[in-house]
Amino acid sequence: MTGGKGRALRRLLASPDTEFLMEAHNGLSARIAQEAGFAGLWGSGLTLSAQAAVRDNNELSWTQVVDQLELMSDATDIPILLDGDTGYGDFNNLRRLVRKLEQRDIAGVCVEDKLFPKTNSFIRGETQ
């Protein structure tokens, strides 16, 4: 992604040192992680869902995820890498998600190569 936070994430990923991201799921947890000295944040699909009291299988819409990430981004100066699950559907949904993340200065998104809607990663078998 573009912007200062995107460049910061690229530097972390290219660093020869071990770098640490801390999970955050709202503005307060993001700010605490930054104040604790973490260089970046992991926007976990599991904890973003849990803080909204829904299951981690795309019950939380991508627009609801983006709303929480905006609060996290506004509260911090460090890059956020989003757990983008399966991309919330098809290519068009992912394309729109990336555009909205860029508008909110979210540094990057990690997408799993799974079917939509996602299933829990701990389930064994061919459904993964």
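The values are calculated or read from the model by the stated rules, or taken from the named source; none is laboratory data. Please read all numbers here as calculations on a predicted model, not as lab measurements. No Cβ is skipped: glycine too gets one built from the backbone with ideal geometry, and neighbour counts run over all protein chains shown. Surface areas here come from the heavy atoms of the whole protein model, side chains and all, with no ligands, DNA or RNA. Shrake-Rupley method; radii C 1.70, N 1.55, O 1.52, S 1.80 Å.
For this structure, a couple of remarks:
- Residue list for segment 30-69, filter: over 25 Å from R99 (Cβ atoms) and among the aliphatic types (A, V, I, L, M): I32, A33, A36, A39, A50, A53
- Considering residues of segment 1-28 that are out of contact with any helix residue (DSSP H, G or I) (no Cβ under 8 Å at 6 or more places or on another chain) and hydroxyl-bearing (S, T, Y) only, the residue least open to solvent (accessible area, probe 1.4 Å): S15
- Matching residues in segment 74-101 - criterion: being open to solvent by 10 Å² or more (accessible area, probe 1.4 Å) and part of a helix (DSSP H, G or I): D74, A75, F91, N92, N93, L94, R95, R96, V98, R99, K100
- No other residue among D113, D67 is without any contact (Cβ under 8 Å) to a residue 40 or more places away in the chain and either in a loop (DSSP other than H, G, I, E, B) or of a type in the set (S, T, Y) (or both) apart from D113.
- For L48: the one exception among (1) at pLDDT 95 or above; (2) open to solvent by less than 70 Å² (accessible area, probe 1.4 Å); (3) of a type in the set (A, V, I, L, M, F, W, C); (4) within 23 Å of G3 (Cα to Cα): (4)
- Condition met for L41 (surrounded by fewer than 17 Cβ atoms within 10 Å (Cβ to Cβ) and touching a residue at least 40 places away in the same chain (Cβ under 8 Å)): no
- Filter pass, I106 being part of a loop (DSSP other than H, G, I, E, B), at pLDDT 90 or above and either among the aliphatic types (A, V, I, L, M) or surrounded by 13 or more Cβ atoms within 10 Å (Cβ to Cβ) (or both): yes
- If you go through segment 53-64 and keep only what is open to solvent by 40 Å² or more (accessible area, probe 1.4 Å) and either of a type in the set (A, V, I, L, M, F, W, C) or touching a Phe, Trp or Tyr at 6+ places or on another chain (Cβ under 7 Å) (or both), you end up with A53, V54.
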